[in-house]
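The values are calculated or read from the model by the stated rules, or taken from the named source; none is laboratory data. Keep in mind the model is a prediction, meaning the values are calculated, not measured. FYI the Cβ positions are ideal-geometry reconstructions off the backbone, even for glycines, and counts take in every protein chain you see. The protein model used for the area step is the full one, side chains on, heavy atoms only, and it has no ligands, DNA or RNA in it. Shrake-Rupley method; radii C 1.70, N 1.55, O 1.52, S 1.80 Å.
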Amino acid sequence: MEKKLPQLIEETLASFPKKQPLRLMFQDEARFGRISDCCYCWCKRPMRPLVKAMLSHQYVYAYAAVSPQDGRLDSLVLPEVNGQWMNEFLIEIASRYPDENIVMVVDGAGWHKSKRFAMPANLKLLYLPAYSPELNPQEHIWEELREKSFYNKTFDSLDLLEEHLMESLRVMEAQHDTIKSIAGWDWIIKAISNGN
């Protein structure tokens, strides 16, 4: 993927009906639930930190796409992962960037390949090779979000979890420099430069 990305971008750009600037995005979904992630934390001696733990099988899902070139992060919190909700996400992202042609890199999940997508004219999907999450910078965005906003936290209800997730995503979406530092990998930036 690293070597082929400039050529894939060029071929994909040629297939758009209208010539517009390129926005390369990497997309992924993540599950957030009421099962708490406990980790070590610091405190002064002789205190010993106490962390609540919770085991409850209730989840919400975050769909997000990152633009490595400018650090933009776009997200939606949705109830499930499936073709219908993926299509809603794609339509929403396309409407946020109507004057750009979006090449969205996705993994091979079944709901990313639905034949029922009402694909927006300014958005095309590009698929990562199988079993290669390490090529998707959005995976690192999830790690950052979990580390900064979810470790050692419990939620009394799914609604409270969802509110916390949406607020955490809003905060992250506003941090373009941080997002760019996480997702702006050299080989991706070079591919974008070659594709424009």
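Quick grid of which residues meet (1) modelled with pLDDT under 95; (2) aromatic (Phe, Trp, Tyr); (3) buried (at least 16 other Cβ atoms within 10 Å of the Cβ):
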{"site": "5", "(1), (2), (3)": "yes, no, yes"}
{"site": "27", "(1), (2), (3)": "no, no, yes"}
{"site": "40", "(1), (2), (3)": "yes, yes, no"}
{"site": "47", "(1), (2), (3)": "yes, no, no"}
{"site": "50", "(1), (2), (3)": "yes, no, no"}
{"site": "83", "(1), (2), (3)": "yes, no, yes"}
{"site": "91", "(1), (2), (3)": "no, no, no"}
{"site": "96", "(1), (2), (3)": "no, no, no"}
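Do the conditions hold for residue 176, that is, is it touching a strand residue (DSSP E or B) at 6+ places or on another chain (Cβ under 8 Å) and either farther than 18 Å from residue 75 by Cα or not β-branched (Val, Ile, Thr) (or both)?
It is true that residue 176 is touching a strand residue (DSSP E or B) at 6+ places or on another chain (Cβ under 8 Å) and either farther than 18 Å from residue 75 by Cα or not β-branched (Val, Ile, Thr) (or both).
Mind listing whichever residues of region 130-160 are modelled with pLDDT of 90 or more, open to solvent by 40 Å² or more (accessible area, probe 1.4 Å) and assigned to a loop (DSSP other than H, G, I, E, B)?
Within region 130-160, no residue meets the criteria.
Which of the residues that make up region 98-129 are among the aliphatic types (A, V, I, L, M), open to solvent by 60 Å² or more (accessible area, probe 1.4 Å) and touching a residue at least 60 places away in the same chain (Cβ under 8 Å)?
Within region 98-129, 121 is the sole residue that qualifies.
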